[in-house]
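What follows is a single structure, written as structure tokens, with notes after it.
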Amino acid sequence: MKKQYLIIIGSLLIGNAFGQTFSDNFDSYASGDNLAAKSAVWETWSSPNGGADDVKVTNTKAKSGSNSIYFQSTAANGGPADVILPFGGARNNGQFELKMNMNVDAGKNAYFNFQEQTTVGKGYTIDVYFNENKTLNINNQAAGSLLSVSYPQGQWFEFQLKVDLNTNSWDLYIDGTKAGSFQNSTRAIASMDLFPINGSSFYVDDVSYTYTSYSPTSKNASVTYIGNVMGYLAGANVTPSVEIRNLGTTTITEAEISLKYNGNTSSKKLTGISIASGGLYSSNLDNPISIVGGIADVVASIVTVNGTADDNNADNSKTLTINPIVPAKGKVVIGEEATGTWCQWCPRGAVALKTMHDKYDGFFQGIAVHNNDPMENPYYDASIASKISGYPSALVDRGAKMDPSAMGGDFINRIQIAPKGVMDIAAKYDAATKVMSVSVETTIESAISGDYRIACVIVEDDVTGTTSGYNQSNAYAGGGSGVMGGYEKLPNPVPAAQMVYDHVGRAIAPTFSGLPNAFGASASAGQKFVHNFTFDIDPSWDLTQMHVVSMFIDKTGMIDNGGTIHYNDAIKKAFKDGTAVLASQVLNGPDNRISVSPNPTTSDINLMLTGAISAESTVEVLDMQGKVVFQTNAVTNTMIIPTQQWSTGIYLVRLNEGGLISQKKIVKN
């Protein structure tokens, strides 16, 4: 029933090219059919064709004819539909083109990926996210964001990728118009995986691909990658690298490469090398370059191979057009990543935060919010849980939830937006009481009105531990799930002795959403506000490895601007007295005011409050959507909270004592 066309040009012997063409518009199936069960080509990720992973053909919408396929997430972590379109093998040379029509429902998202190997789950070439905010992000899990553009929502559009695998050149087209280009750190493509992540609702029609293999000549090298130039901010100093590939049959023992940018050319001779047929070789140039603002081309070329010109000049040069972002004055973007040592895919989040800090140090501040491990801050963890779906997940400036590898695209968008407030942070520490005091002075850059808020976070780097809770679960062990920042070379789990955790969110004050109306009903440009925060510092924390992070939160709940400073620098600055911000005890470790049992629970909860109860105290329980499911006045130190009518999930029990908030996480099974 499948519309499949396979065209062979010549033989399939090595050295002869062949072409393959496939298409399917789903009109040869009946509405309601399980696609993979009826198809000779489409497959499912894990279950038998026709099982839970399969997708049904529908006649609800179609771009052409009467049928399409429809994906909607019904499980908390996406799925269950998960269908595969194999490309006939793992392709790493030649020309490849994919087309399909898509229709993403308004306010929803869509997703697919390219698998690197014929066995699925052994490596991801690209992840393609069609976000709720109408941005399309193409990412590589190890390298981060590759391209971010806009796409139409609530209507049919054509998605097209043209890939030159010989030169590692990827061109994206939307409705026939070129939307952008990129290079990829992962070379092979073996299949497409269509999977509805949490929040997905989309249709796919008219899927087609073509592939033409490459027939090697005797001596041919191509430029396949220009490293350390893409995605940087204007003003960055970088040392570019040039990667070449041997597309000939003769071993390459020497070569000369060059790179042109901003009117300057750098050259380098590579000697004493041995690049076998099909092999790759990368070399840093000898001199750094300064990235300047404005659109410009970076051109890398192969000048000679083995002392002379090679057989094919067409692939001797690679051009990247860069348009470095000029960051808005005083802007810092905050990335919060939900993670846990128990989470086998969470090394991806750690690698993503490291990548962002390596490229955007001083303009980006990552915060790793740990769940159910020794580094967990229960309040911070429970608060971010309501905004994510699964682990690892990430938020950039409290915007749309995303995979951590996608943070680069949102960062680029956010770093250009002029902030309405810029913050200056100072700190002092009382060794006797083990209390850190923080002053945050906010200068209003443009007039604001409404409920703008302020919050402060303590972040620690180089965190280690000796107990098993510090072992990191690692799905990337052995390399079967692809390259992941070195985790592919580590065991599963990675023992605590080999793990160092960075950007650990230790404490947040006064609450996740910040101090309400911190700047009054309105404020004018030029006005300055000072807020003081205090944090109880656990003796096991290392102050010399800490950053103090501030958040200027707008009335929509997004972070308008961030601030970050190393503790060693913060204590050298003049501390300023201002408005004292009360901090919840739970923000700095286990909360001594609230005790609940049993937890987790399947029945009623016994709530116990320590200390005196003030007349204005209230107790409420919220679900992860912020809905109040229980509320009462706190008139005694003990009470019973009924939970039988609650759905399974995570809840927050909150004690409000005239604005002093304490919270505890409850798990209902």
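The values are calculated or read from the model by the stated rules, or taken from the named source; none is laboratory data. Values in this document were obtained by computation on a predicted structure and should not be read as measured data. Counting neighbours? That spans all protein chains shown, and the Cβs are built from the backbone with ideal geometry, glycine included. SASA here: full protein model, heavy atoms, side chains in, ligands and nucleic acids out. Shrake-Rupley method; radii C 1.70, N 1.55, O 1.52, S 1.80 Å.
Take the Cα of residue 443, step 7 Å toward its Cβ, do the same at residue 418, and the gap between the two points is 1.4 nm. Charges were assigned to the Cβ only: +1 to each Lys and Arg, -1 to each Asp and Glu. The resulting dipole of the stretch 475-577 about its Cα centre is roughly 220 debye. The listed residues 342, 156, once ranked by accessible area (1.4 Å probe) with the largest placed first, stand as 342, 156. When the Cα gyration tensor is reduced to axis lengths a ≥ b ≥ c, the ratio a/c is 1.5 or higher for the stretch 277-364, and with a/b not above b/c it is classed as oblate. Under the convention that each Lys and Arg Cβ holds +1 and each Asp and Glu Cβ holds -1, the size of the dipole of the chain around its Cα centre is about 440 debye. Mind giving me the nanometre distance, one decimal, between the label points for residue 52 and residue 329, set 7 Å out from Cα along Cα→Cβ? About 5.6 nm separates the two model spin labels.
Straight-line reach from residue 434: which lysines have Cα under 16 Å away, leaving out those fewer than 8 places along the same chain? Straight-line reach from residue 434, under 16 Å: no lysines qualify. Atom-type composition of the exposed protein surface of the stretch 281-419 places 48 percent of the accessible area on carbon and sulfur (1.4 angstrom probe).
Figure note: 412, 666 ranked by solvent-accessible area, largest first, 1.4 Å probe, ligands and nucleic acids not counted: 412, 666. Farthest towards the positive end of the charge dipole of the chain, among the residues 215, 309, 118, is the Cα of 309, using unit charges on the Cβ of Lys, Arg, Asp and Glu. Each peptide in 506-516, 329-339, 278-288 gets a packing score, the mean of other Cβ atoms within 10 Å over its residues, and the list from highest to lowest is 329-339, 506-516, 278-288. Solvent exposure of the chain amounts to 40 Å² per residue of accessible area, where only protein heavy atoms count and the probe is 1.4 Å.
Here the simple spin-label model places points 7 Å from the Cα toward Cβ, and for residue 572 and residue 603 these points are separated by 6.0 nm. Only one residue of 149, 191, 360 has its Cα farthest out toward the positive end of the dipole of the chain, where Lys and Arg carry +1 and Asp and Glu -1 on Cβ, and that residue is 149. The alpha carbon centroids of the stretch 388-404 and the stretch 433-462 are separated by 22 Å. Structural descriptor for the chain: relative contact order 10 percent, calculated from alpha carbon pairs under 8 angstrom and at least 6 residues apart. Qualifying GluC sites (Glu not before Pro) in the stretch 234-310, where qualification requires a DSSP coil assignment and no more than 14 other C-beta atoms within 10 Å, are lacking entirely. For residue 306, the shell of other residues with beta-carbons less than 10 Å away shows a net charge of -1, using +1 for Lys and Arg and -1 for Asp and Glu. Compared with the alpha-carbon gap, the fully stretched path from residue 150 to residue 269 is longer by 38.7 nm at 0.36 nm per residue. Based on the alpha-carbon gyration tensor of the stretch 185-313 and its eigenvalue square roots a ≥ b ≥ c, which shape applies: rounded if a/c is under 1.5, prolate if not and a/b is larger than b/c, or oblate? Oblate.
Cross-link pairs exceeding 32 Å between alpha carbons, from the set 162/329; 260/359; 401/572; 331/489; 260/572; 555/665: 162/329; 401/572; 331/489; 260/572. For the stretch 80-116, the list of trypsin sites (Lys or Arg not before Pro) that fall in a loop by DSSP and count at most 14 other C-beta atoms within 10 angstrom is empty. Taking 20 °C and 1.002 mPa s as conditions, the chain diffuses translationally at an estimated 78 µm²/s according to Stokes-Einstein applied to its Kirkwood radius (Cα pairs).
Across the stretch 425-442, coupling constants 3J(HN,Hα) worked out from phi with the 6.51/-1.76/1.60 Karplus curve, θ = phi - 60°, read 10, 9, 8, 8, 9, 9, 5, 5, 8, 6, 10, 9, 10, 10, 10, 10, 9, 9 Hz, and Gly and Pro carry x.
The residues neighbouring residue 479, those whose beta-carbon lies less than 15 Å from its own, together hold a net charge of +2 under the Lys/Arg +1, Asp/Glu -1 convention.
Once the Cβ-Cβ distance between residue 628 and residue 317 is put in as r, and R0 is 45 Å, what FRET efficiency do you end up with, to the nearest 0.05? For residue 628 and residue 317, the calculated efficiency is 0.10. Take the Cα of residue 77, go 7 Å toward its beta carbon, and the backbone nitrogen atoms of the stretch 330-359 under 16 Å from that spot belong to 338-349. What the Cβ-Cβ distance of residue 521 and residue 277 gives, at R0 = 56 Å and to the nearest 0.05, is a FRET efficiency of 0.20.
For residue 364, the residues whose amide H sits under 5 Å from its own are 333, ignoring neighbours fewer than 5 places away on the same chain, with H placed 1.01 Å from N. Assign one of three labels to the stretch 459-532, namely rounded, prolate or oblate, based on the Cα gyration tensor with a ≥ b ≥ c the square roots of its eigenvalues; rounded applies when a/c is under 1.5, prolate when it is not and a/b is larger than b/c, and oblate otherwise. Verdict is prolate for the stretch 459-532. For residue 668, a cut-off of 15 angstrom between C-alpha atoms picks up these aspartates and glutamates, skipping any fewer than 8 places away in its own chain: 604, 623.
Rounded to the nearest 0.05, what FRET efficiency do residue 40 and residue 158 give with R0 = 25 Å and r taken as the Cβ-Cβ distance? Could you check? Calculated transfer efficiency: 0.50. A straight chain from residue 429 to residue 542 at 0.36 nm per residue would run longer than the Cα-Cα distance by 39.4 nm. The heavy atoms of residue 319 offer some 80 square angstrom of accessible surface to a 1.4 angstrom probe. Ranking 531, 503, 566 from most to least accessible surface, computed with a 1.4 Å probe over the protein chains only, gives 566, 503, 531. Electrostatic bookkeeping for residue 392 treats Lys and Arg as +1 and Asp and Glu as -1; over the other residues with beta carbon under 10 Å from its beta carbon, the sum is -1.
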